[in-house]
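Nothing in this text is a laboratory measurement; each read-out follows from the coordinates by a stated rule. Please read all numbers here as calculations on a predicted model, not as lab measurements. Backbone-built Cβ (ideal geometry, glycine too); neighbour counts: all protein chains shown.
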Amino acid sequence: MRALVMVLVVAFCAGCLPKIPRQRLSERAKVAVAYIVDPGYSGTPFTPPDALKKAIAAELDDHNLELVEVPLEAVSAQRLTDSRFDALKKAAGEVPFVLLVEQRVHFFSQLDGRYRWEVATTLTASRADGAKASDPFEIPVILMYDHEKEREAIANAASDIANRVGVLMDGVLAGAAGTAVPAAAPKASSTRPSGIYFVMVDRFSNGDRRNDGDAAPEDSQAFHGGDLQGLIDHLDWIQALGFDTVWLSPIFKMRTEKWHGYGAFHGYWTWDLAQLEPKFGDELLLARLRSELDRRKMKLMLDVVLNHVGPDAPLVSAKPHWFHKRGGVTDWNDATQLLMNDVHGLSDLATEQDEVFAYLLGAARRWVPGRQT
Ligand SMILES: [Ca+2]
């Protein structure tokens, strides 16, 4: 059976921290570390799971640093990062390096029975006699359940968080007495950093008010007026951030009315893959976007929704046999339901049918220059 595969592309920022070669102290030194996880809603701060502590200890060991954990109580009375860091330094005494690991974990969204969490972390570190450096970032984690999984989410992100600790400590150690760059340290890349910048077209920039229609920026569920012109106007800005690819939320003709109170601005309620959504622009403007990207040696990714169509899409009545029509998902642990049933009422395309497959493939190819057939 042929199947269309949806590919999840992860955008990343390669230039968030300065590029500093890997650092390692020639003589072992201690680093005082305090961990604090703030509760999402109520309750008292707690410490992260051992999986994260072990990963960070290993990373620090790689820098020839010995981790000395400072009890949570030393920092938990403070609410702000600066105050916590001062409290940590006081508790650390003569220890030459300090590292504060602050975290907050929150449930983000649910998709196909899997639950996305965000692990927000702020790392702050310094030498006893040096300025502090900080690195705030969020890491998404996909789990199977949505309740009281804060520790599990942190454990899943432990490796990535530890890597960020390593990069931050490279910066803290750089130039410190007794610091040597290991011979095996990779050389910093001389090439320009690259990455994918995701644009939610309606919310990015309004470059043409003539296509706004009933845009209502004060309404979180309404369209806000963003369009392809607004994106074109900001390509230099995106490129300056270090990105070489732009990924757009769907720009094809879509349902634009709210559905059960939920807004359509995201573009994932496609009605017709053969047309562009007039709120965003026309084919001439898309061609101009392509040429502006080409001129900057940047690439464009269009988001084609293959799993379903938008509510009340004309295709449902025109081609009723193209849809599974099995009703909504009632059991999120049932793999067949996840594949064949309607997600939140969105008619599920029978992509295993040759006719449907050919339609989707052709519709997608229509937008690839030189691949219309
Ligand atoms: Ca507009």
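For the listed residue pairs Lys54/Lys299; Lys279/Lys319; Lys297/Lys319, the alpha carbons are over 29 angstrom apart in Lys54/Lys299; Lys297/Lys319. The H on the amide N of Met301, modeled in the peptide plane, is under 5 Å from the matching H of Val246, Trp247, Leu248, each at least 5 residues off or on a different chain. Projecting the Cα atoms of Thr351, Ser317, Val172 onto the dipole axis of the chain, where Lys and Arg carry +1 and Asp and Glu carry -1 at the beta carbon, places Val172 farthest toward the positive end. Rounded to whole numbers, the Karplus 3J(HN,Hα) couplings from phi for segment 40-47 are x, 10, 8, x, 10, x, 9, 9 Hz, using 6.51 cos²θ - 1.76 cosθ + 1.60 with θ = phi - 60°, and x at Gly and Pro. Scalar couplings 3J(HN,Hα) for segment 70-84, obtained by applying the Karplus form with A = 6.51, B = -1.76, C = 1.60 to θ = phi - 60°, are 9, x, 3, 4, 5, 10, 5, 6, 9, 9, 9, 4, 4, 5, 5 Hz; x denotes Gly and Pro. For a paramagnetic label modelled on Arg296 (point 7 Å from Cα along Cα→Cβ), amide N atoms under 19 Å away belong, within segment 217-250, to 226-250. Computed over the chain with a Gaussian network model linking Cα atoms closer than 10 Å, the most mobile of Val305, Val95, Val37 is Val95. On the beta carbon distance between Asp50 and Phe137, with R0 = 22 Å, the FRET formula returns roughly 0.55.
Round to the nearest 0.05 the FRET efficiency obtained for Ala174 and Ala120 when R0 = 22 Å and r is the Cβ-Cβ distance. It would help to have the intermediate numbers written out before the result.
Details: r = 26 Å, r/R0 = 1.19.
Between Ala174 and Ala120 the formula returns 0.25.
When the alpha carbon coordinates of segment 24-180 are projected onto the principal axes, the ranges are 52, 31, 22 Å, largest first. In sequence order, segment 114-123 has phi-based couplings of 10, 10, 9, 10, 10, 9, 8, 10, 10, 9 Hz under the Karplus curve 6.51 cos²θ - 1.76 cosθ + 1.60, θ = phi - 60°, and Gly or Pro positions carry x. For segment 24-180, a crude dipole built from +1 on the beta carbon of Lys and Arg and -1 on the beta carbon of Asp and Glu, taken about the Cα centre, is about 180 debye to the nearest 20. Each Lys and Arg contributes +1 and each Asp and Glu -1, all at the Cβ; summed about the Cα centre of the chain, the dipole is approximately 1040 debye. Ranking Gly93, Val70, Trp332 by how far each Cα lies toward the positive end of the dipole of the chain (charges on Cβ) leaves Gly93 at the top. Charges were assigned to the Cβ only: +1 to each Lys and Arg, -1 to each Asp and Glu. The resulting dipole of segment 196-365 about its Cα centre is roughly 360 debye.
What translational D, rounded to a whole number of µm²/s, comes out for the chain from Stokes-Einstein when the hydrodynamic radius is the Kirkwood one over Cα pairs, at 10 °C and 1.306 mPa s?
Numbers: Rh = 24.0 Å.
Result for D is 66 µm²/s.
Contact order for segment 21-97, expressed relative to its length and based on alpha carbon pairs under 8 Å spaced 6+ residues apart, stands at 40 percent. When the charge dipole of segment 196-365 is built from unit charges on Cβ atoms (+1 for Lys and Arg, -1 for Asp and Glu) and taken about the Cα centre, the candidate among Leu285, Ala274, Asn211 whose Cα reaches farthest toward its positive end is Leu285.
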